[in-house]
1. Can you tell me which residues in the stretch 330-380 are modelled with pLDDT of 95 or more, closer than 20 Å to residue 114 by Cα and either in contact with a Phe, Trp or Tyr (Cβ under 8 Å, 6 or more places away or on another chain) or among the acidic types (Asp, Glu) (or both)?
2. Go through the stretch 47-100 and give me each residue that's without any contact (Cβ under 8 Å) to a residue 40 or more places away in the chain and in contact with a helix residue (DSSP H, G or I) (Cβ under 9 Å, 6 or more places away or on another chain).
3. Condition (residue is assigned by TED's automatic domain parsing to the domain that holds residue 41 and assigned to a helix (DSSP H, G or I)) applied to the stretch 399-418: is it met by at least one residue?
4. Which of (1) under 30 Å from residue 307 (Cα atoms); (2) assigned by TED's automatic domain parsing to the domain that holds residue 432 does residue 85 not meet, given it meets every other one?
5. Please give the number of the condition residue 57 fails out of (1) within 24 Å of the chain's Cα centre (by Cα); (2) crowded, with 23+ Cβ neighbours inside 10 Å; (3) not hydrophobic (A, V, I, L, M, F, W, C).
6. Of the residues that make up the stretch 164-174, is at least one outside any loop (DSSP other than H, G, I, E, B), among the β-branched types (Val, Ile, Thr), out of contact with any strand residue (DSSP E or B) (no Cβ under 9 Å at 6 or more places or on another chain) and under 30 Å from residue 441 (Cα atoms)?
7. Among the residues in the stretch 240-249, are any surrounded by fewer than 22 Cβ atoms within 10 Å (Cβ to Cβ) and under 21 Å from the mean Cα position of the chain (by Cα)?
Amino acid sequence: MDDRSGTAADTVIRRCTALIPQDGALPLRDCDIVVRGGLIAGIVAPGDGEAATVIEGKNRLAAPGLVNAHTHSPLNVLRGTADGMDHVGFMWTNQADTAGSGEEEIAIGATLGALDMLRSGITAAIDHYPEQNCTAEAVGPLARAYAGIGMRAAIALRAFDMEYDDIDPARIEGVDLSVADDLGDNPLEPLGVDEIVAVCEAAADAWHGHGGLVSIMPGPSNPIRCSDEMLVRCHEIAAARDLGIHTHLLETRIQRTLAQERYGRTMVAQLDALGILDRRWSMAHTVWVDEDDIGLLADRKSVVVHNPHSNAKIGAGVAPVARMLAAGVPVALGTDGASTNDTLSIHEAMSLALLLPRVSGVPRSDWPGAPAAFDMATRGGAAAFASGPRLGAIEVGAAADLVLYDLDAPGLAPLNDPLQQLVFAERGRGVRAVMVAGETVYEDGRFASVDADAAIRAAREMRKSQKARNRALYRFAEALEAAQEGAAGR
């Protein structure tokens, strides 16, 4: 673990207490962490590290940066807008809130979310973007925003070439479909496969690697909304360029039913039959799976991204995470969008990921514990990125994406069991400094390159224009909600 390079280091975090992987565990170690070229170059005895820049680590717990492996930046301005909605109502309200966003709105949404995530210890995120089919010109504002604030991000280019049958209003009893007559252009209009491929390739050429922080992924919206041809070609792009692929998968019961009707087998089995189910895929939600699906996901090392808050908030269900972990499925954690969660905290996701199995019939002997939750939030998230620098651990050669927690913070004082306290007690209030790729981007309440107050003011103004822009879509979404509420009351 010593610094094995003779060249000068950029930074040393001196005399910290760090969570260092050893034999499958994360014991505490008092040490100096030496950083060079955006990577951890050495872990040495306290006081032995030398560098041009010294960060005082005394009374600080050093941990790997957390990974939010599924979120949606357009929803970062939408907290407090979706309580009580099911998936259908939320998805159409989502269109009203986000359709027609310009470059400034794109940047504001990403910046607001990055501020929130960084200050709570999240150093990397997969942004499934946007809420409609992605266009080539929409990627630049997002990539520049993440690189500008200094956050690591994978932009998964949302795409679909088939209808959103899983949220088809015609399936809802009592809906007057005439309310759609004045919608104008359908924000969920499918694109052709060739056009989708062209967008993915152009975005990867232009923005993959931007600022050393941004990566690009194909992002099929959901396999049930995509043709086999599109899914195969997205996988070909990812394999040729060494990229990940990100998607929603089996979030709702109706998606499982549609797959069975269309293919005569599960959606997981269909992906495997196409020969594309592998470790490049990260799959958000994955609630409605059976034991054979879980076995396939484990065998192919495809990453499940568990979103416990949003699954619960919109009533989608409880993902069988305990069974997945026991079977060897790689599992990461996501917050989903801020409107279906109202928080972008992976600390909270870690806690809820452990609590839900305990109240949903999982035997106590099979309950996952704090080490499993922390692994999902770090190494699991790293697996979801699929390529790029090594994330999720404090070890030589890994990315210097690090978080320093105050050991006097209420959730960590006194320090009895660091993993239990990071999972169940800490909520980000103890974060004192955050480093991404060796650069300190947040320290003692201040961001290095962004005026947080200005970003918040811009977000407030942005919401005013959003509400005024898509009035017909809002009326349509409200009609759907009313119809569903009426049906539920009968």
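The values are calculated or read from the model by the stated rules, or taken from the named source; none is laboratory data. Small disclaimer: the values here were computed from a predicted structure and weren't measured. Backbone-built Cβ (ideal geometry, glycine too); neighbour counts: all protein chains shown.
1. 336, 348, 350
2. Residue satisfying the conditions is 84 alone.
3. yes
4. Going through the list (1) under 30 Å from residue 307 (Cα atoms); (2) assigned by TED's automatic domain parsing to the domain that holds residue 432, residue 85 breaks only (2).
5. Against the list (1) within 24 Å of the chain's Cα centre (by Cα); (2) crowded, with 23+ Cβ neighbours inside 10 Å; (3) not hydrophobic (A, V, I, L, M, F, W, C), residue 57 comes up short only on (1).
6. The answer is no, given that none of the residues of the stretch 164-174 is outside any loop (DSSP other than H, G, I, E, B), among the β-branched types (Val, Ile, Thr), out of contact with any strand residue (DSSP E or B) (no Cβ under 9 Å at 6 or more places or on another chain) and under 30 Å from residue 441 (Cα atoms).
7. Within the stretch 240-249, one or more residues are surrounded by fewer than 22 Cβ atoms within 10 Å (Cβ to Cβ) and under 21 Å from the mean Cα position of the chain (by Cα).
Per-residue answers, yes or no, for (1) surrounded by fewer than 21 Cβ atoms within 10 Å (Cβ to Cβ); (2) at pLDDT 95 or above; (3) out of contact with any Leu (no Cβ under 9 Å at 6 or more places or on another chain):
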{"position": "5", "(1), (2), (3)": "yes, no, yes"}
{"position": "32", "(1), (2), (3)": "no, yes, yes"}
{"position": "37", "(1), (2), (3)": "yes, yes, yes"}
{"position": "53", "(1), (2), (3)": "yes, yes, yes"}
{"position": "64", "(1), (2), (3)": "no, yes, no"}
{"position": "71", "(1), (2), (3)": "no, yes, no"}
